[in-house]
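Trainee: Quick one: this structure, given as structure tokens, is what I'll be asking you about.
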Amino acid sequence: MGRRAGGPEPAEPKPPKPYPPDETAGNPKMSDGSESKPRPAKIKVKLADGKARTIQHMMCTTFWHPDGTPMSAQQFMELLFGKLPDFFKNEAELRALWSAPDTRKRLLEGLAEKGFGKDQLTEMQKIIDAEKSDLFDVLAHVAYALAPLTREERAQHAKVAINHRFNSKQQTFLDFVLSHYVAVGVDELDQDKLTPLLRLKYRDSIADAVADLGRPDEIGKVFSGFQKYLYEQVAA
């Protein structure tokens, strides 16, 4: 049938949205014939120290400047790189600050006040393809171009020191803590997570925990004291 005279013109079809780079073709086939999920394209970002960092290319902006304007991942990384020297002067100081729950908490609070909160750092974790790593690795990678380690790698390294420095019951509890750290992340090492972890491990019996591990202040020292072994420099 013809279009009625005086009727509205048909709407122009909208052009298809462009695909992100490397996602339009060439994806390898799975055994069932379907295409595997494409890996995001990666680009190199060279910061003011002359060293390159690799980030995953993102089509959408996911970061915001403290003044409220949107930023790309590269701009966020450059801004973070410029601000980190206000918080620690070298890699050794970063490791020391991150190794204790109280100083790590203050560092994270200070970063959040400058616009680099946990949500933004967690997003940067994805951008540098380090979701199985620690937020420490985000800071160390941006500040010093250090290659991220997975939480599993850090836990395995720490266990060597734990087995030499703590008794068997303490080792068993710390292995339990490490399993939560690997599964969940660095938040499980916060001091306020100690009591919930004890209750979980000892089935709500703090008395049993004290019988195994010592007085509450001693347990606290074990919990905070072992964490430095997660963040000490690993020999290549």
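Trainee: Yes or no: the range 126-137 includes at least one residue that is in contact (Cβ under 8 Å) with a residue 24 or more places away in the chain, of a type outside the set (D, E, K, R) and over 30 Å from LYS221 (Cα atoms). Please lay out each step first, then the result.
Mentor: Going through the range 126-137, the residues in contact (Cβ under 8 Å) with a residue 24 or more places away in the chain turn out to be 126-129, 134-136.
Keeping just the survivors that are of a type outside the set (D, E, K, R) gives 127-128, 135-136.
Keeping just the survivors that are over 30 Å from LYS221 (Cα atoms) gives 127-128.
Looking for residues that are in contact (Cβ under 8 Å) with a residue 24 or more places away in the chain, of a type outside the set (D, E, K, R) and over 30 Å from LYS221 (Cα atoms), one finds at least one in the range 126-137, hence yes.
Trainee: I'm trying to understand the selection: among the residues of the range 173-190, which are surrounded by fewer than 17 Cβ atoms within 10 Å (Cβ to Cβ) and touching a residue at least 40 places away in the same chain (Cβ under 8 Å)?
Mentor: ASP190 - this is the single residue of the range 173-190 that is surrounded by fewer than 17 Cβ atoms within 10 Å (Cβ to Cβ) and touching a residue at least 40 places away in the same chain (Cβ under 8 Å).
Trainee: For LYS126, all conditions in the list (1) at pLDDT 95 or above; (2) under 30 Å from THR69 (Cα atoms); (3) not polar (S, T, N, Q) hold save one; what is the number of the exception?
Mentor: Failed condition: (1).
Trainee: Of the numbered conditions (1) small (Gly, Ala, Ser); (2) modelled with pLDDT under 75; (3) within 25 Å of ASP119 (Cα to Cα), GLY82 fails exactly one; give the number of that condition.
Mentor: For GLY82, the failing item is (2).
Trainee: So which of LEU197, LEU139 ends up being assigned by TED's automatic domain parsing to the domain that holds ALA96, modelled with pLDDT of 95 or more and surrounded by 15 or more Cβ atoms within 10 Å (Cβ to Cβ)? Show your work before the answer.
Mentor: Details: LEU197 fails: assigned by TED's automatic domain parsing to the domain that holds ALA96.
Testing whether each residue is assigned by TED's automatic domain parsing to the domain that holds ALA96, modelled with pLDDT of 95 or more and surrounded by 15 or more Cβ atoms within 10 Å (Cβ to Cβ) leaves just LEU139.
Trainee: For the range 60-104, how many residues are part of a helix (DSSP H, G or I) and either of a type outside the set (S, T, N, Q) or surrounded by fewer than 17 Cβ atoms within 10 Å (Cβ to Cβ) (or both)?
Mentor: Going residue by residue through the range 60-104, those that are part of a helix (DSSP H, G or I) are 73-86, 91-98, 101-104.
Restricting the remaining residues to those that are either of a type outside the set (S, T, N, Q) or surrounded by fewer than 17 Cβ atoms within 10 Å (Cβ to Cβ) (or both) gives 73, 75-86, 91-98, 101-104.
Total satisfying the criteria: 25.
Trainee: So PHE223 clears everything in (1) assigned to a helix (DSSP H, G or I); (2) farther than 19 Å from SER99 by Cα except one condition, right? Which one?
Mentor: Unmet for PHE223, out of (1) assigned to a helix (DSSP H, G or I); (2) farther than 19 Å from SER99 by Cα: (2).
The values are calculated or read from the model by the stated rules, or taken from the named source; none is laboratory data. Just so we're clear, the structure is a prediction, and the values are computed from it rather than from any experiment. No Cβ is skipped: glycine too gets one built from the backbone with ideal geometry, and neighbour counts run over all protein chains shown.
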